[in-house]
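Following: one structure in structure tokens, then a few remarks.
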Amino acid sequence: MIIHDNDDKIDILSLSKDELFAEITAMGEKRFRAGQIYDWLHKKNVSDFSQMTNLSAQLKDKLREKFCLKSLFIVKRLESKVDNTVKYLYRLSDGNHIESVVMEYNYGNTICVSTQVGCKMGCRFCASTIAGFKRSLLPSEILQQIYIAQKDSGRKISGVVLMGIGEPLDNYDNVVQFLKLLSDPDGFGMSLRHVSLSTCGIVPKIYELAELELGLTLSISLHAPDNESRSAIMPVNDKYSVEELMKACRHYFKKTGRRISFEYALINGHNDTREDAAKLAALLGDFVCHVNIIPVNKIKERNYTSDRKAAQRFAAILGEMGINATVRRTLGADIEAACGQLRREYEGMAD
């Protein structure tokens, strides 16, 4: 995937290994030089060509002429005193801002990354969509969230969730390239079995993703058990109904063999009754799946609320109905680690 910046330079960190090798050998350099450069980019995570100390000054000058090496800048860093969650606000090279969150678990550290600046999907309860959509992130910009957070925090990142700002399947090509770079054994080398991709349900892209058989976990932002209640909070349902979404999910499981996770943001007075639980159980009864019940984070522009006790009650009801359901652990509560809040507050102050 050859991506150029405004100066017509190639975004080198977004190139696959084969693409980089082709570009470097086309410059008249030996293949082993391309391997050295790839190593500097994806294992040593340098932020400037000058840091590639085993390359000649002449080659580094040639790299600067042909390529750009995009980087993110940490604008704000918040660390929870409760559970060690670290939240980052990054500034991109064009002045836009995104967020990522590093979460500490018993089994390792997982990072939640953004895939877009803002979001088009318009989910009523989500802070990320309020500030509007600006653009999609490049593969390099998604990768850099991991590389910079790992270097800054000193924590080895062992898992990735694409659940930050943006809809990953609305940025399909860049996200797929990111996943291939992330899992390259000669690069970061993460197994995609440690990656979860969350989507609100862009049905055609679910079918495309299934054909790649990448081995990642698909997480569906369902949030309601029927078309009427889902369309009221998720405009995407007007385009792709619950029935179409479930059909795509069945295909994904059949093609990949990977259990699907369904996210259900519990909203008082909207989707939290025993009747709602019964509808959800009927909808998911034939799935090999897991349901994550999520207490809704309060945002000042919306009146949607719920709490952990209500989420636990709802999960218990689903359990009685034979559905595997748990309440998502709340992390970073003292630093407002919910997606999109830090970006909105910072850009609101800047305005």
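Computed from the coordinates by the stated procedures, all read-outs in this text should not be read as laboratory data. None of the values given here were measured: they were computed from a predicted structure. In this analysis, Cβ positions are derived from the backbone assuming ideal geometry, glycine residues included, and neighbour counts consider all displayed protein chains.
Brief remarks follow.
- Taking the charge dipole of the chain about its Cα centre, with +1 at Lys and Arg Cβ atoms and -1 at Asp and Glu Cβ atoms, the residue from 312, 144, 165 reaching farthest to the positive side is 312.
- Here the stretch 172-243 is assigned +1 on the Cβ of each Lys and Arg and -1 on the Cβ of each Asp and Glu. Its dipole about the Cα centre then comes out at about 160 debye.
- The chain gives an Rg/Rh value of 0.99, both radii derived from C-alpha positions and Rh following Kirkwood.
- Highest-fluctuation residue, 252, 105, 38 considered, GNM on the chain with Cα pairs under 10 Å: 105
- Rounded to 10°, Cα long-axis angle of helix 242-256 versus longest principal axis of the chain: 50
- Prolate/oblate/rounded call for the stretch 10-68, Cα gyration tensor, a/c under 1.5 rounded: rounded
- For the chain, with +1 on Lys and Arg beta carbons and -1 on Asp and Glu, the positive-most of 108, 209, 27 along the dipole: 108
- Once the Cα atoms are used to define both axes, helix 17-26 deviates from the longest principal axis of the chain by about 20 degrees.
- Relative to the longest principal axis of the Cα atoms of the chain, helix 57-66 runs at roughly 50 degrees.
- Separation of alpha-carbon centers, the stretch 31-67 and the stretch 179-231, rounded to whole Å: 32
- Equivalent ellipsoid, the stretch 103-146 (semi-axes from 5 times Cα gyration tensor eigenvalues, Å): 24, 16, 6
- The stretch 73-350, dipole about Cα centre (Lys/Arg Cβ +1, Asp/Glu Cβ -1), debye to the nearest 20: 380
- Of the peptides 173-179, 245-251, the ranking by mean beta-carbon count within 10 Å, highest at the top, reads 173-179, 245-251.
- Sequence-distant lysines (8 or more away, or on other chains) whose Cα lies within less than 26 Å of residue 309: 81, 87, 279, 298, 300
- Taking every DSSP bridge with both residues inside the stretch 73-350, close to 45 percent are antiparallel.
- Charged side chains reduced to their Cβ positions (Lys and Arg at +1, Asp and Glu at -1) give the stretch 10-68 a dipole of some 220 debye around its Cα centre.
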